[in-house]
Amino acid sequence: MKRSISLLSLCTALAACAGSAGAASSVTLNAVSSDGVGEAVGTVSFKNTGHGLVCSPALGGLEPGLHGFHVHENASCSPAAKNGEMTAAASAGSHYDPENSGAHDTPWGDGHMGDLPGLYVAADGTATHPVLAPRLQMEDIQNRALMIHTGGDNFSDTPKKLGGGGARVACGVIGGG
């Protein structure tokens with residue numbers, strides 16, 4: 001009986017590990033432009049917590065200040081035509097919005113699920129401050145893109161859509177299982 005319980009416990013533990021083995025726990029972000037995907041700027045690691053998904057950046061070579069930071073719907077960082085012009089990482093699509101809210105909002109609000117807290121880049125071009133995405137877990141972001149935009153994000157569609165963030169400057173494809 002004890003052997004059966006031990007064997008059952010071992011099988012359960014292995015099944016749990018196998019189920020999470022394909023989930024990406026980090027992503028490499030690369031500089032992006034209308035010409036394509038460039039050099040790596042670092043990584044962002046992910047960890048599920050009871051309060052949501054913690055995203056921990058280890059990035060460098062970025063413009064200092066606050067940047068828009070979002071999960072985008074498609075697993076691609078390639079440039080694509082947008083309004084007749086090649087645009088950096090446009091193939092990543094829009095902000096991840098599985099509930100079709102159609103609204104940009106705070107990470108804890110009712111808008112896009114992919115709206116993350118702003119990414120702070122220090123004067124030396126590094127970003128190391130973790131951010132919390134309270135409505136996301138690791139399984140939500142698999143097979144999506146993580147994007148850094150120029151400029152900050154006011155978490156509103158006014159006075160400019162999508163928080164007023166600018167061009168896409170860095171992107172990484174989050175793998176899946």
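The values are calculated or read from the model by the stated rules, or taken from the named source; none is laboratory data. On a predicted model such as this, the values are computed, not experimentally measured, just so you know. Because the Cβ atoms are built from the backbone with ideal geometry, glycine has one as well, and the counts that use them run over all protein chains shown. The accessibility values were calculated without ligands, DNA or RNA, using every heavy atom of the protein model including side chains. Shrake-Rupley method; radii C 1.70, N 1.55, O 1.52, S 1.80 Å.
A few comments on the model shown:
- For the stretch 114-155, a residue qualifies if it is free of Cβ contacts under 8 Å to residues at least 60 places away in the same chain and part of a loop (DSSP other than H, G, I, E, B), and the qualifying residues are Gly114, Pro117, Gly118, Ala122, Ala123, Asn154, Phe155.
- Residue identified as out of contact with any Phe, Trp or Tyr (no Cβ under 6 Å at 6 or more places or on another chain) and either closer than 13 Å to Ala145 by Cα or not in a loop (DSSP other than H, G, I, E, B) (or both) among Ser101, Ser56: Ser56
- Close pairs (8 angstrom Cβ cut-off, 6 or more residues apart or separate chains): more than 30 Å from Ala81 (Cα to Cα) in the stretch 26-53, crowded, with 20+ Cβ neighbours inside 10 Å and small (Gly, Ala, Ser) anywhere: Gly52/Ala133; Leu53/Ala133
- Within the stretch 27-39, being out of contact with any Gly (no Cβ under 9 Å at 6 or more places or on another chain) and assigned to a strand (DSSP E or B) holds for Ser33, Gly36, Val37, Gly38.
- When Ala123, Ala90 are screened for being farther than 17 Å from Val173 by Cβ and out of contact with any helix residue (DSSP H, G or I) (no Cβ under 6 Å at 6 or more places or on another chain), only Ala123 passes.
- Taken as a whole, the structure leaves Val32 outside the set of residues that are open to solvent by less than 40 Å² (accessible area, probe 1.4 Å) and closer than 21 Å to Pro98 by Cβ.
- Flag for His67 being under 12 Å from the mean Cα position of the chain (by Cα) and of a type outside the set (D, E, K, R): no
- Top-ranked residue of the stretch 75-104 - restricted to ones that are buried (at least 16 other Cβ atoms within 10 Å of the Cβ) and under 25 Å from Pro130 (Cβ atoms), ranked as farthest from the chain's Cα centre (by Cα): His104
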